C-alpha cells in the first residue's frame, strides 16, 4: 500500500523536466538555507518548532515530577528542602499547563491544519512565527528562573495573598505573572490564526460539514482560548499592579478580595483543561477512523459534542472553589453543570466505541495508545463526576485524590493521544515510520507506569494526604502507597525514554515511506511525505469528508497539478481563500515568505517584560514604544494595492488578489483580536462589579462621579467621533476625497478632546488606587479605555498616512475598515465604562 | 505483518499483566484506616460522604468495565459488529449519563449540606479557628457573648453534638480539614466561614491544612480530641484556668528564663504578666498538648528544648527565631517549665 522511497524518486524523476510553473512554485516556497531557516515562517517549519519546544518542556516538567516523586518516596525524607520543593511543584504545574500542554497542541494545529484542510499555509504565517518566538523566549525565562533559585513558589494557581507582596517578596511571582503573560500572547495569537485559517483557507469543496473533526476541535479550542485567556491576563495585570504599585484588587484589608483572583483564574483555568483536551479528542477521532478503517460514526454528534463542551466548560469554574464558603445555591448550580459536561464527553467516547465496533480495527501503536487513553480518560472522567458532587469534593479537594484525578484526565486525555499522534503523524515530518515493536514497549511502560503511579493516589488522598506537602509523617498509613507511586513514575519515565530512543533511531534507520502508510482518508495524507513546504503541487478540489478514500484518483491529479494554484506566476507564496461555509474559492491570497521580523519583534517584546520584571518601568515604556513602531512597520507592508486585479487560480478560475472590508482575512483577524480585547475589558468591568458585591457597605463614591456632566460630555464626544469615522469610511468608498478628510479629522479631533477633557478630570478627582478596591477598579476600567482611545487615534493617523502614499484607495480600503471597526469598538467599550463608573451603583 | 501473531500474544500477555497489576493496586494497597482517613469516618458528616463514595466507586467500576469490554470486544470479532451503530452513541453517550447523573445529583444534593453553612438553631458550642502561618489559633466560646478561651494547635470537642466552627485567617488562605469528621472549609481573608462538625466516637484524630499556604504548609497540622461530654467540660474548665505558678526552684528558673528572653513578646501565658504576645501560639496550657510546631513533633520536655533552641531544624522556615543562646541548664529549666503548664 505504501510506495517505497526509490519508487517515489523514480516517479519524481520521471516527472522531470519540471514545468515552468513547478519551478516557480518551488522557488516561491524554497526554505532559506543555514541559519536563515530561523527566518522561515511557513507552517511546516514553525509548527515543528513549536512541537519540539513543547516536547522539550514536557521532558523538563517531567524531570521536576520525578524529583517531586523521589522526595516523597519515603516519609520525612530530607533529600529536597522545602523551599526547593515548593518551587518544584509550582514549576511542574506551570510548565506542564502553560509551556507544554497548550502550546504543543497548538503546534500540532499549526503543523497539521493547513494540510488537513488542503491549504498551503496559514493566513498569517508571520504572526505564528512571532507567537512561537514569544513562547520560546518566555518559556525559557520562566523555566530558567529555577536555576537562579528565583522560581515562582506560590503554586501554579498563584492565589493571593500568598502571591501578594507581603508574603512573596522576591521576583519569583513577578516572573510568573509577567513571563507567563508573555507566553500567553503566543496562545492568543495562535488562536486567532487558527480560527481565521480554519474558516478561510479550506480547500475548495471542503465545506464546513465535511471538515475533519480535528479541525473542528481546534476551532472550538481556539474560540475557547479567545474567551478564557484574557481573564487570566487581566488577573495577571491586576496582581502585578498590586505588587508593583500597591493598587488594591485582591487585598482584603483594603477592600479588595482574594476570591476575585480565584474567580478570574478558574474562569480561565477550567476551560484551560478542555483547551488541552479538545484538540486531543480531535486527534482521537481522526486516528480511530483511520484504524477502524471506516468513517467516524456519529460525525455530526461528535461536532455538536465538541461545541457543547466548549460552552459548558465556561460554566464550571466554581467547582474549584466549593470549599471557599460560597452560597449553597451557587454550589448546586456549578455541581450540576460540572456533571453535565460528562454528557458530551460521553457522546464522544461512545462514538469512538461505535466506530471501532462497526469497523475492522487494526491494532497498530497509534490505536494502542488510543486504547490506553480510553481506559485512563474514562476512569478520570468518572472520578471527575464524583468530585462534581459538592460534599464529596469537600472531603477530597486539595488531597491526593485530586492529584490522581487531574493526572488521569490530563495524561489520559492529552498525553496518550499525543503519543498516538506522534506514532501516527511522524511520517509526515520525517518520511519514516517509528518502530512498531518499540512503540509497544513505550505504550506498555507508560500505561503500566502511569497506573501504578496514579491509581494508588486516589487512596492516598482518601486516607487524608493533602497536596503540595514536601513530606509526611511515617505513621499515617501513606508510606507504601507513596513508594508504589514513585516507582510507577520511574516506569512511566522509562517509557518516555524509550520513545526518545525510537525517535532518534527512526531518523536514521526507520522504515522509509512515501505515501499514506496507514491508508488514511483525510487530506493530511494526500501529499507524498515528508511534507514539502508547498505540500500540494496543486490545491485539491474535494467532494467528501474523506477525500483520499472517496476520490481514488485525487493523489495523482494533485501531483500532476490538475487542481488549483499549480503555478506561482509572481514567484510569491499563494494560497486560496474560500467561503467560510461552502468553501467556494473567493481569493488568491499572497502570503509572506521568510522574514526576520517576527524573531526581532519577539526579542524586543521580551525585553519589555524583562524590564518590567526588573521594575525598570521607564525603560519598559520606551521598549513598548519601540515594539509599537515595529508593529506599525509590520502592518505597513500588508494589504498593498495588488499589481493586477485578478489571477488565474488554475483550470481557468479567475480570482481576485484583494478582498476588501468584511471579506478580508485581516478584518476577521482584527475582529477576533477585539473579542480577546473585549473579554479582557469585561474582566476589568467584572472586577468593578465583583468588588462592589464583596464590599457593598464600604463602597465609596467620588464627588465628581456624582455630577453627571462629565459622563454626558464623554458619551457625546465618543458617539460623535464614531459618527465622523463612519462618514469618513462611506466618503472614501464613494471616492469623495474631501469628505473622507473631513470625517477622519473630525473623528480625530473629537477623540483628542475626549482624552483632554476626561483624563485630567479623573487625575484630579479624589481617587487613590492604593486606598480602596473601588478607586483601583475605576482606574483600571477607565485607564484601559483611555489606552484604547490612544490606539484608535494612532490607527486613524495610520489610515491617513496610507491614503497619502496611495496604499489606501476607495476600492482597497481594508485599513480604513479596520480602523473604523476598532474605533466603533472603542466607543462601545467607552460607553460601558462611563455608564458603569458614573451610574453604578445607582 | 510477519510478526503479527507474536505481537498479538505479547499484547495479550502484557494486557493480562496490566489487569493483574491494576487489580492488585486497587485492592491490596493497604488498610483504609488511619487517624486522618476519610474512609474511617468518626462523625456523621464524614460518614455520609464515605457512604456516597462507596456507591460511586462501585458504579464507576461497573461503567469502566462496560466501556473496556466494548472496546476490547471490537478487537476480537471477525467482522463489524451490529453494536457499531449510532444507537450506541445515543444510548451510551446521551441517555445513560443523563439518567445516572440526574439520580446521582439528586442524591448528592440531599446530603452533607446540613453541616456546611450552618443550620437554623444555634449550636451550643462555638469554636473559632484562625489560620496563621503555620499554626492554628483555637478559641472556645460558650454562647455568643462569652469571653473566648484561647488555645492553639489542638481542637477539643464533645461527641454527639454538632459544634459550630467559625474559621478565618490572619494572613494567607488556609483550609481546615479533619477527614475523619468532615470535609474541609477554607479560611479566606476578609471572611468568616462557618461549618458544623460533629464527632460521634471519642478518640484522637488528626487534621491538616489543605490549602497551600507557603513554606511550611506541610507541617501545619493539628490533633482533634473528641471527648465524652463530661470529659469535655472538665477539659474546658482546666483550659480556662490561668497558668500554674511554679513552686519548684527549677521551674521558677524556667519561668524567669521565659520572661527574661522576651518570649512573652510573641507568646501569651495567662497569669504571667510579661507574656502578652499574640504573634505565636498561646502557651497557657502548652504542656497538655500532644504536639509541638502544629503537629510537627510529639510534645515532651526533650522536644520542647530542641524546639526552643532551633525550631528550624525541625520545621524549616517557620516564623519563630532560633534561641540558641540559652545554656543547657536554663534550656532544660525552660522546657520543664513549659511542660509543667498542663
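The values are calculated or read from the model by the stated rules, or taken from the named source; none is laboratory data. Keep in mind that what you see is a predicted model, and the values were worked out from it rather than measured. Heads up, the Cβs are rebuilt from the backbone with ideal geometry, glycines too, and the neighbour counts pull from every protein chain shown.
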**OP:** Please find, within the stretch B:185-223, the residue that is farthest from the other protein chains (Cβ to nearest Cβ) out of those that are surrounded by fewer than 22 Cβ atoms within 10 Å (Cβ to Cβ) and in a strand (DSSP E or B).
**Re:** B:203
Original post:
How about the stretch B:158-177: which of its residues are at the interface with another protein chain (Cβ under 9 Å from one of its Cβ atoms) and closer than 26 Å to residue B:32 by Cβ?
Top reply: B:175, B:177
Original post:
Here are A:80, A:73, A:68: which of them is surrounded by 14 or more Cβ atoms within 10 Å (Cβ to Cβ), at pLDDT 95 or above and more than 14 Å from every other protein chain (Cβ to nearest Cβ)?
Top reply: A:73
Subject >> Subset of the stretch A:237-262 that is surrounded by fewer than 24 Cβ atoms within 10 Å (Cβ to Cβ) and more than 14 Å from every other protein chain (Cβ to nearest Cβ) - its residue that is nearest to residue A:695 (Cα to Cα) >> reply: A:246
Subject >> strands (runs of 3 or more DSSP E) (entirely within the stretch A:546-657) containing at least 3 residues that are in contact (Cβ under 8 Å) with a residue 24 or more places away in the chain and touching a helix residue (DSSP H, G or I) at 6+ places or on another chain (Cβ under 8 Å) >> reply: A:573-578, A:585-591
Original post:
Which residue pairs have Cβ atoms closer than 6 Å, lie 6 or more positions apart in sequence or on different chains, and pair a first residue in the stretch B:40-54 that is at the interface with chain A (Cβ under 10 Å from one of its Cβ atoms) with a second residue that is at pLDDT below 90 and part of a helix (DSSP H, G or I)?
Top reply: B:45/B:115
Original post:
Which of the residues spanning the stretch A:432-479 are more than 7 Å from chain B (Cβ to nearest Cβ) and free of Cβ contacts under 8 Å to residues at least 60 places away in the same chain?
Top reply: A:437, A:441, A:445, A:449, A:454, A:457, A:475
Original post:
In the set A:763, A:731, which member is in a helix (DSSP H, G or I) and loosely packed, with under 15 Cβ neighbours inside 10 Å?
Top reply: A:763
Subject >> Test result for residue B:151, within 14 Å of chain A (Cβ to nearest Cβ) and either in contact with a helix residue (DSSP H, G or I) (Cβ under 8 Å, 6 or more places away or on another chain) or under 21 Å from residue B:215 (Cα atoms) (or both) >> reply: no
Original post:
Counting only residues that are within 9 Å of the chain's Cα centre (by Cα) and free of Cβ contacts under 8 Å to residues at least 60 places away in the same chain, which one in the stretch B:179-217 is nearest to residue A:390 (Cα to Cα)?
Top reply: B:184
**OP:** Hey, can you tell me all the residues within the stretch A:702-728 that are in a loop (DSSP other than H, G, I, E, B) and touching a residue at least 40 places away in the same chain (Cβ under 8 Å)?
**Re:** A:702, A:708
Original post:
Quick one: residue A:831 ticks every box in (1) at pLDDT 95 or above; (2) buried (at least 18 other Cβ atoms within 10 Å of the Cβ) bar one, so which box is it?
Top reply: (2)
Subject >> Flag if residue A:404 is under 29 Å from the mean Cα position of the chain (by Cα), more than 9 Å from chain B (Cβ to nearest Cβ), over 29 Å from residue A:291 (Cα atoms) and surrounded by 24 or more Cβ atoms within 10 Å (Cβ to Cβ) >> reply: yes
Original post:
Which of the residues belonging to the stretch A:154-169 are buried (at least 23 other Cβ atoms within 10 Å of the Cβ), more than 8 Å from every other protein chain (Cβ to nearest Cβ) and over 20 Å from residue A:272 (Cβ atoms)?
Top reply: A:164
Original post:
Is it fair to say residue A:133 is more than 30 Å from residue A:296 (Cβ to Cβ), at pLDDT 95 or above and surrounded by fewer than 24 Cβ atoms within 10 Å (Cβ to Cβ)?
Top reply: yes
**OP:** Report the residue count in the stretch A:480-520 for those that are out of contact with any helix residue (DSSP H, G or I) (no Cβ under 6 Å at 6 or more places or on another chain), part of a loop (DSSP other than H, G, I, E, B) and more than 13 Å from every other protein chain (Cβ to nearest Cβ).
**Re:** 3
Original post:
Could you say which residue among A:280, A:337, A:292, A:351 is farther than 19 Å from residue A:412 by Cα, in contact (Cβ under 8 Å) with a residue 24 or more places away in the chain and under 29 Å from the mean Cα position of the chain (by Cα)?
Top reply: A:337
